[in-house]
Structures are given as structure tokens and as C-alpha cells.
Amino acid sequence: MVLGPVKLVFRSFQTRNASNVSFIGIGQMGSRMVKNLLKKGQEVKVFDVVPAAASSVPGARVCNSAAEAAKDADIVITMLPTGDDVKHTLTQKQGILEGIPKKSLFIDCSTIEPKMAQELHRISTENGVRYIDAPLSGGVTGAENGTLTFMVGGADGDLKEAEPVLNKMGAKVFKCGDIGAGQIAKLCNNLILGITMIGTCEAMNLGIKLGLDPKVLTNIVNVSTGRSWSSDTYNPVPGIMPNVPSSKGYEGGFSVPLIAKDLYLAQAAALSCGTPLLLGALAHQIYRTLILQGYGDKDFAVVYEYLKGQSKNQ
């Protein structure tokens, strides 16, 4: 009589450890992250407000709502454009909270305001759900190759549960501190990214206009003090590197509106603590100008094309 209940408890523990994972937000990054989960043997339920996006990942189980995706899930991951999008997906009718089991773990990988991360934590906790913020770095290249870096804010125990799943999508996971700390790290990182991409584009444009071979200039920069991720991994000049947006008409990748949004969030955070962001503010305005010049549907490396002196609308 004792063995029956013991077996039942054991099976329940095994199922829990297997982590039923749901993923909401199947965009440029999310689709690649889900593909890596599937490649590593993880079953995944997916949902996106664009049905075609949700159906774009072979092997994933497509759901009709966030609530359906979250049902019976041990871990629910979101990868969405803004904090308001995450909050809406969490709390709306047929949202995550209508499906996610109590004590399950909600991981938000979006880049949002640190204060919004704290609000999402409060809402989740009030509804019996655990929450961590886990924004990431590495771009579409890192998402494709499974080499993303995750920056996590939250409790140690929750990170321990999340880490095996995050490691199926990335190469490094950092504990940054309490809720919202992951977002702070991400905004600082993208502040550097937005500025260095413009600097790389300016230098490449200058060298090419003065007659240098762009491949020679790139090779020099990448072993010299001007080297950065924007030059050696995501070069903005078409034809320098295969399989990056600049060599594909600046399609896909990290869109101009998203880097502009991240720089806006960095400025808002800086205002809250009285910290000047001189280059950050200028970079923000440059990317906003790109949107007005017709480059809003392109990868942010398209600033190189803008610096060549012709608007997309001309």
C-alpha cells in the first residue's frame, strides 16, 4: 500500500524536473531561441499575436493564446518589444495569468524598464507565480548560434531552476542582483552598443570615402584599439561578413526602433539617478532620425547607409 503513493510522488518530481516550457513572442530573436530549445531536446509550446510567426518554428506546438501556452507550464518565457507588451500579455484576458500554474516560473527576456520588471514581479507574486528578469545580449547571430548572454535579476533559487533552460539558448548566464538588475545591465550594454555601432559606421564610411579597401580596414580595426562587437561580429558594411544583416540588405536583425527604444530607456534610467548620458542622448537622436528617413524597418547597422548621405526615401 505504501509503494503506490511513493511512485506517484516520484513521477511528479520527474515531470517537474523535465520543465514544460512555453515561449511567447516569436520574432527575430524568439524564433531562433525556440529553435535551439527544440534542438537541445526541449519540447516547447509557443504563442505569438501573429499566427504566421508562431507557425514558423517547425516542431513547436502552436497555441491560440498566451493562456493556452502557459497552461501546465513549469516555465513561461516572454520575448516581447516593450514592458507594456509584457504586462498586457501577463494580465489580459486569455493572458499568461489565466493559464500558468501556481508556483511556476515566469522568465521575461525582453528589454524593459527596471521599474516595470519590479511591477511584473509584484503582479506575478500576488498571483502565486515566481518571476525573474533575464534580458539577453548577442543579437540574432547569438540567438542563431545559441551563444547568448543572459543577465538575470531575481532569487537564487529561481535562477537555479531557470539556468538549464537558459543554457539551451545561450552560453553564459550572469546573476546581476535583485529583480530589475538584469534590465539595468542590459540597458548599460545596449547604451555601449548603440554608440559603438555609430562610431564603427562613421569610421568605415570615412576610410572607404578616402580610398581604403573596406576589408583591409576591417582587418586592421579588428586587431587594433578600435575593435568592437560592431566591427568584428556584426560589421555594418555590406559584403564584409556573410550572414549578418548588412550583407542581406539590412533585413532582420535588431531593428532601428528597438535600439532607439533601448536608448530611450537608458536615458530615463539616467534621469532617475541624475547621471549624464551625453553620447547616449546623441545616439538616440540619430536612430530616431533614421526612422524619419525611412529606415525604421531595417537593422540598426543601416546607420552606415544613412551616413553615406542619402535617405531611403529619396
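The values are calculated or read from the model by the stated rules, or taken from the named source; none is laboratory data. Quick caveat, the model's predicted, so the values are computed rather than measured. Note that we place each Cβ from the backbone using ideal geometry, even for glycine, and neighbour counts take in every protein chain shown.
No other residue among Ile208, Ile198 is within 30 Å of Thr82 (Cβ to Cβ) and either touching a residue at least 24 places away in the same chain (Cβ under 8 Å) or under 22 Å from the mean Cα position of the chain (by Cα) (or both) apart from Ile198.
Could you tell me whether any residue of segment 134-147 is β-branched (Val, Ile, Thr) and out of contact with any Lys or Arg (no Cβ under 7 Å at 6 or more places or on another chain)? Within segment 134-147, one or more residues are β-branched (Val, Ile, Thr) and out of contact with any Lys or Arg (no Cβ under 7 Å at 6 or more places or on another chain). Of the helices (runs of 4 or more DSSP H) lying entirely inside segment 131-229, those carrying at least 3 residues that are closer than 21 Å to Val34 by Cβ are 139-145, 156-166. Scanning segment 283-308 for residues that are within 11 Å of Ala260 (Cα to Cα) and either touching a strand residue (DSSP E or B) at 6+ places or on another chain (Cβ under 9 Å) or touching a residue at least 40 places away in the same chain (Cβ under 8 Å) (or both) turns up Ala283, His284, Ile286, Tyr287, Gly296, Phe300.
Can you find even one residue in segment 267-282 that is surrounded by 14 or more Cβ atoms within 10 Å (Cβ to Cβ) and among the hydroxyl-bearing types (Ser, Thr, Tyr)? So far as segment 267-282 goes, no, none of its residues is surrounded by 14 or more Cβ atoms within 10 Å (Cβ to Cβ) and among the hydroxyl-bearing types (Ser, Thr, Tyr).
Results for (1) under 25 Å from Ala301 (Cα atoms); (2) aliphatic (A, V, I, L, M), shown as yes or no for each residue.
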{"residue": "Glu144", "(1), (2)": "yes, no"}
{"residue": "Thr149", "(1), (2)": "yes, no"}
{"residue": "Pro164", "(1), (2)": "no, no"}
{"residue": "Lys168", "(1), (2)": "no, no"}
{"residue": "Phe174", "(1), (2)": "no, no"}
{"residue": "Ile198", "(1), (2)": "yes, yes"}
{"residue": "Ala203", "(1), (2)": "yes, yes"}
{"residue": "Ile208", "(1), (2)": "yes, yes"}
{"residue": "Leu212", "(1), (2)": "yes, yes"}
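Given the structure, is Ile123 in the same structural domain as Val21 (by TED's automatic domain parsing), under 24 Å from Ile96 (Cα atoms), in a strand (DSSP E or B) and touching a Leu at 6+ places or on another chain (Cβ under 7 Å)? Taking the combined requirement at face value, the residue does not satisfy it. For segment 258-314, residues that are modelled with pLDDT of 95 or more, farther than 23 Å from Ala203 by Cα and assigned to a loop (DSSP other than H, G, I, E, B) total 4. Contact annotation: residue pairs with Cβ atoms under 6 Å, 6 or more positions apart or on different chains, pairing a residue in segment 144-161 that is modelled with pLDDT of 95 or more with a partner that is of a type in the set (S, T, N, Q) and assigned to a helix (DSSP H, G or I), are Gly146/Asn36.
Can we say Ala185 is modelled with pLDDT of 95 or more, out of contact with any Lys or Arg (no Cβ under 7 Å at 6 or more places or on another chain) and of a type in the set (A, V, I, L, M)?
The answer is yes for Ala185.
For Asn189, the conditions (1) more than 20 Å from the chain's Cα centre (by Cα); (2) not assigned by TED's automatic domain parsing to the domain that holds Lys40 all hold with the exception of (1).
Among the residues of segment 225-257, the one identified as over 25 Å from Leu206 (Cα atoms) and at pLDDT 95 or above is Pro257. For segment 37-90, a residue qualifies if it is polar (S, T, N, Q) and either surrounded by fewer than 19 Cβ atoms within 10 Å (Cβ to Cβ) or more than 19 Å from Ala134 (Cβ to Cβ) (or both), and the qualifying residues are Ser55, Ser56, Asn64, Ser65, Thr82.
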